[in-house]
Amino acid sequence: MGELKNFRDFMEQKVKEYYSLPCNKFGAGGDFFTAPELDSVFGETVAHFLVPFLKEMERPLLVELGAGRGLMARDILSYYRKNFPSVFSKLRYAIYEISPYLREVQKKILSEFDKVTWVDEIPTTEGIILSNEFFDALPVHVVQEDKELFIKNTEEVWLPLKNKKIKDFLEKMNYTNLKQRIEIPLDALEFLSKISKSLRSGFHLAIDYGYTSAEMYRFPQGTLTAYKKHKVKNDIYSCAGTADISAMVNFSALMEYGKEFGLRTVFLKSQRDFLMSNGYFIKVLKSLAGQENPSAVERLSRLKTMLISMGDRFKVLFQCKEL
Ligand SMILES: C[S@@+](CC[C@H](N)C(=O)[O-])C[C@H]1O[C@@H](n2cnc3c(N)ncnc32)[C@H](O)[C@@H]1O
């Protein structure tokens, strides 16, 4: 007899199992592409965006959450080493990563940089906490009207909603009258609170696929998805643990609770607008567009993927710690 557990506990266990599997999940041979895996310009653009903020800090720490293979870290650090040696020399970089397997991969890829450390807790610091596709991996509760989703073996069981934190969330976000499935990101909110507490001063940058409250009607069945070998799996229960299960990020919740935790939203914009408002990205884009050799054409198409197919689905949230 399988144990009855709420969807949140089920998802937490399966995401952990999945990311700890000792096999590659990224890129053409894996299960999905992320923007840092597509091209180094992504991490370089993030690095370029952060320069003015880092310049103001005395001894900043960049903390990356869920760093995958470590490519964004590599591209950010390489960009500063080459273009902003004064930022590079005072900068420290920490990675918070759940998967022992990925930690080892990251250590190899980042072995040329002696300023990277791995942490089990986010340190208290002046700095910037950043992530790409981290929040979507955090477990969510699932509710519909006055019921919460539980799982027994691979069967869905709907039980009366009792959890007070979920009820408070629905009230605060004005979702109590919605009839659709709603994912409740209590873990993401707890994480956001930790981020705020650990920032003595500085910023939080989160890039992910997600929605605002005004866009929720587009997902009447919720947004939970399982990816395996670049395909969406219809039955997430049978492939859980060996496929990537994620839920789109509720950015309205991150902004609303951010206020309570002392994080003021500077902006929320689409990934396309974020990239297109960055002088470095535009420079690379223009230079590639002017070339005819096959490798430049290929790179240009990867940049277009970041702008077009990912451009609207992904959003960039930038928050500042209120002092
Ligand atoms: C979709 S991958 C994104 C990787 C990378 N940021 C990128 O863009 O290529 C999610 C990352 O978050 C990590 N992760 C998932 N859940 C986590 C948790 N609860 N705590 C820390 N890291 C977690 C995974 O191991 C993985 O490195």
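Assorted remarks:
- Pairs beyond 19 Å (Cα-Cα), from LYS197/LYS269; LYS164/LYS315; LYS82/LYS283: LYS197/LYS269; LYS164/LYS315
- Residue separation of SER193 and VAL51 scaled by 0.36 nm, minus their Cα-Cα distance, works out to 48.6 nm of gained length.
- Between the stretch 22-58 and the stretch 128-151, the alpha-carbon centres lie 23 Å apart.
- The chain - Rg over Rh from alpha carbon coordinates, Kirkwood radius: 0.96
- Filter on LYS152/LYS233; LYS16/LYS231; LYS152/LYS194; LYS16/LYS229 - keep pairs with C-alpha separation over 28 Å: LYS152/LYS194
- 20 Å reach of a label modelled at GLN291, 7 Å along Cα-to-Cβ, counting backbone N of the stretch 64-90: 75-76, 78-80, 82-83
- Highest-fluctuation residue, ASP146, ASP208, ASP244 considered, GNM on the chain with Cα pairs under 10 Å: ASP146
- Helix axis angle, 7-20 relative to the chain longest principal axis, alpha carbon, degrees: 40
- The stretch 30-41 - phi-based ³J(HN,Hα) in whole Hz, Karplus 6.51/-1.76/1.60, Gly and Pro as x: x, 9, 7, 9, 10, 4, x, 6, 6, 6, 5, 4
- Accessible surface area normalised per residue over the stretch 260-323 is 54 Å², counting heavy atoms of protein chains with a 1.4 Å rolling probe.
- Across the chain, the mean sequence separation of Cα contacts (distance under 8 Å, 6 or more residues apart), normalised by length, yields a relative contact order of 21 percent.
- Alpha-carbon centroids, the stretch 80-103 and the stretch 235-262: separation in whole Å: 25
- Applied to the stretch 181-194, the Karplus parametrisation 6.51 cos²θ - 1.76 cosθ + 1.60 on θ = phi - 60° returns per-residue 3J(HN,Hα) values of 5, 10, 9, 10, x, 4, 5, 4, 5, 5, 5, 4, 4, 4 Hz, with x for Gly and Pro.
- Surface composition of the stretch 156-294: carbon and sulfur atoms hold 52% of the protein heavy-atom accessible area at a 1.4 Å probe.
The values are calculated or read from the model by the stated rules, or taken from the named source; none is laboratory data. Here the structure is a predicted model, which is why all the values come from computation and not from measurement. Virtual Cβ from ideal backbone geometry, glycine too; neighbours counted across all protein chains shown. All accessible areas refer to the heavy atoms of the entire protein, side chains included, with ligands and DNA or RNA removed. Shrake-Rupley method; radii C 1.70, N 1.55, O 1.52, S 1.80 Å.
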